[in-house]
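Here the structure is laid out as structure tokens; the discussion comes afterwards.
The values are calculated or read from the model by the stated rules, or taken from the named source; none is laboratory data. A quick note: this is a predicted structure, and the numbers were derived from the prediction, not measured. Cβ placement follows ideal geometry from the backbone for every residue including glycine, while neighbour counts extend to all protein chains displayed. When the accessible area is computed, the model is the full protein with side chains, heavy atoms only, and any ligands, DNA or RNA have been set aside. Shrake-Rupley method; radii C 1.70, N 1.55, O 1.52, S 1.80 Å.
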Amino acid sequence: MAFRRNIVFSASEDRLERLLEDRLKPGADKEKIDERIWDLFGEEWVIMMTDLSGFSRGVEKYGIIHFLQTIQESERILIPVIEEHDGILLKMEGDSMFVIFRRPRKALAAAIAMQRVLVDYNNGRIPEEQILLCVGLGFGRVLKIGDTDCFGAEVNAASKLGEDTAKANEILVTASFKEAAGEQEGIAYALLDGAPPGASAAYRINYAL
């Protein structure tokens, strides 16, 4: 199965590479090529980007081995929650997770469940052993290349929110995600002062831990 999946990934990447090479040729009809790329790879997904709060500062203070353990613990705790809510973990980059969901409400439920399970995990633990999660969520049409990567404005916005803007225990979302998820009982949206590139506005999710 692993060998078959690698062939699928390679085929998608090779197809995209050829189209991008055609786009660079003199006289290329870039608009037509762009349309073909979106037809082939354009899909609507929720993008979740997560980050561990204070990770870089903690590495300097406690050492990389301690935080390799922290990353492993975060995977052990959070990946089952993601899977329970039908999320797909595309990749891990350091202490960050790149996850996609089909349904905005499932993604939001997953984000809240992830925060809640970590509250329970952190209870009674010393600060350096706690796992503090930041989450960014976006929604929209993206270029999905096999099951290896996604590209698009909402990817960039979710990454900025989750990895740079959100603080520990926070869930930040783009305006597109808010509109797609709709109003839900027990969920409130607080407008942020600024919006990341690729989003018209951004919001903090207020929810009960």
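Couple of notes before you dig in:
- Scoring S176 on the criteria (1) in contact with a helix residue (DSSP H, G or I) (Cβ under 8 Å, 6 or more places away or on another chain); (2) under 30 Å from I65 (Cβ atoms); (3) hydroxyl-bearing (S, T, Y) leaves a single failure, condition (2).
- Within the stretch 174-188, tally of residues that are open to solvent by 40 Å² or more (accessible area, probe 1.4 Å) and either closer than 21 Å to L132 by Cα or touching a residue at least 60 places away in the same chain (Cβ under 8 Å) (or both): 2
- Complete set of residues in the stretch 154-173 that are surrounded by fewer than 22 Cβ atoms within 10 Å (Cβ to Cβ) and in contact with a helix residue (DSSP H, G or I) (Cβ under 9 Å, 6 or more places away or on another chain): N169, E170
- With respect to the conditions (1) under 30 Å from A11 (Cβ atoms); (2) surrounded by 18 or more Cβ atoms within 10 Å (Cβ to Cβ), C134 falls short on a single one, namely (1).
- Strands (runs of 3 or more DSSP E) within the stretch 25-116 that include 1 or more residues surrounded by fewer than 15 Cβ atoms within 10 Å (Cβ to Cβ): 42-52, 88-93
- Any hit, the stretch 43-66, residues being acidic (D, E), more than 26 Å from Y207 (Cβ to Cβ) and modelled with pLDDT of 95 or more: yes
- Hits in the stretch 191-209 (condition: aliphatic (A, V, I, L, M), in a loop (DSSP other than H, G, I, E, B) and open to solvent by less than 70 Å² (accessible area, probe 1.4 Å)): L192, A195, A199, A201, A208
- Members of the stretch 181-190 that are outside any strand (DSSP E or B) and touching a strand residue (DSSP E or B) at 6+ places or on another chain (Cβ under 7 Å): I187
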